[in-house]
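Participant: This structure is in structure tokens; I'll ask about it shortly.
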Amino acid sequence: MKRVAAILVALTAAACIFTGCEPKKKEIKSAKVTQQNSSSYESAIKECFNAMNSNGGGKVFYSYMYPDAALDAMKQNGDFDSLVDTFNQNQQENLSKSSDKFAFGEIKEAKPLSEEQVSGVKKYFAESSEMFGVDIKESDFDVKEGYEVTYSYTKNGEAASDETVIVVSLNDEGWKIITR
């Protein structure tokens, strides 16, 4: 019996070699699904902040949070629309419970990323893409520019708090933001 099983495994492996079959992997270069309109890291952070604090900002929010290959995989798997809908519904519910108005303040500090931080960003995007079935290695990401940015925001016109995020220009996809 072991001998028959070994022969079957060998035949299957040989068939795969000759027919060129291998597990299907998602393309790294995917259809452009980005919804962002930012040409600078400052405007990217502001646009993402506004998407997080308004009704209907789910597509913009996700376009900043994930690499395009992961977004494309979400669309292909049928997950993207439901994630956006859930985000939008939660935001609508949260915003309806409060009359507070949040507004982006100003960039207080922007420090270029260290090599260690860039490595961490690549690892983060590879792992977050993997959750959606995308086989991307850290080395597939090109961080063209990156900053650790602290910005302020207001609540009802008054100074509220500061937030720190990582913002990177990733591959040819535009800006991506990692919140803490």
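Participant: Can you pull out the residues in region 159-180 that are in contact with a Lys or Arg (Cβ under 9 Å, 6 or more places away or on another chain) and either in a strand (DSSP E or B) or under 17 Å from residue 138 (Cβ atoms) (or both)? Explain how you work it out, then say what you get.
Facilitator: Restricting attention to region 159-180, the residues satisfying the condition of being in contact with a Lys or Arg (Cβ under 9 Å, 6 or more places away or on another chain) are 161-173.
Once the filter is applied, which keeps residues that are in contact with a Lys or Arg (Cβ under 9 Å, 6 or more places away or on another chain) and either in a strand (DSSP E or B) or under 17 Å from residue 138 (Cβ atoms) (or both), region 159-180 yields 161, 162, 163, 164, 165, 166, 167, 168, 169, 170, 171, 173.
Participant: Scan region 129-140 for residues that are open to solvent by 10 Å² or more (accessible area, probe 1.4 Å) and under 15 Å from residue 70 (Cα atoms) and jot them down. Quick ask: steps written out before the conclusion?
Facilitator: So in region 129-140, the residues open to solvent by 10 Å² or more (accessible area, probe 1.4 Å) come out as 130-133, 135-140.
Selection gives 130, 131, 132, 133, 135, 136, 137, 138, 140.
Participant: Next question, about the same structure. What is the number of the single condition among (1) open to solvent by less than 40 Å² (accessible area, probe 1.4 Å); (2) within 17 Å of residue 142 (Cβ to Cβ) that residue 124 does not meet?
Facilitator: (1)
Participant: Right, next: Looking for whichever is closer than 29 Å to residue 55 by Cα, open to solvent by less than 80 Å² (accessible area, probe 1.4 Å), in contact (Cβ under 8 Å) with a residue 12 or more places away in the chain and in a helix (DSSP H, G or I) here; the options are 118, 84. Which one fits? Reasoning before the result, please.
Facilitator: Details: 118 fails: closer than 29 Å to residue 55 by Cα.
Just a single option satisfies the conditions, and that option is 84.
Participant: Something else about it: Restricting the search to region 36-81, which residues are among the β-branched types (Val, Ile, Thr) and either open to solvent by 10 Å² or more (accessible area, probe 1.4 Å) or within 12 Å of the chain's Cα centre (by Cα) (or both)? So that I can check it myself, show each step before the final result.
Facilitator: Pass one, region 36-81, residues among the β-branched types (Val, Ile, Thr): 45, 60.
Once the filter is applied, which keeps residues that are among the β-branched types (Val, Ile, Thr) and either open to solvent by 10 Å² or more (accessible area, probe 1.4 Å) or within 12 Å of the chain's Cα centre (by Cα) (or both), region 36-81 yields only 60.
Participant: When both residues are 6+ apart or on different chains and their Cβ atoms are under 7 Å apart, which pairs have a first residue that lies in region 91-109 and is within 28 Å of residue 40 (Cα to Cα), and a second that is open to solvent by 90 Å² or more (accessible area, probe 1.4 Å) and in a helix (DSSP H, G or I)?
Facilitator: Between residues of region 91-109 that are within 28 Å of residue 40 (Cα to Cα) and residues that are open to solvent by 90 Å² or more (accessible area, probe 1.4 Å) and in a helix (DSSP H, G or I), the close pairs are 104/46.
Participant: Pairs only if they're at least six apart or on different chains, beta carbon under 7 angstrom, first in region 46-59 and at positive phi, second surrounded by fewer than 19 Cβ atoms within 10 Å (Cβ to Cβ) and not aliphatic (A, V, I, L, M); list them, first residue then second.
Facilitator: 56/88
The values are calculated or read from the model by the stated rules, or taken from the named source; none is laboratory data. Just so it is clear, the structure is predicted and the values come from calculations on it, not from any experiment. Neighbour counts run over all protein chains shown; Cβ positions are idealised from the backbone, glycine included. We work out accessible area using only protein heavy atoms, side chains counted, and drop any ligands, DNA or RNA first. Shrake-Rupley method; radii C 1.70, N 1.55, O 1.52, S 1.80 Å.
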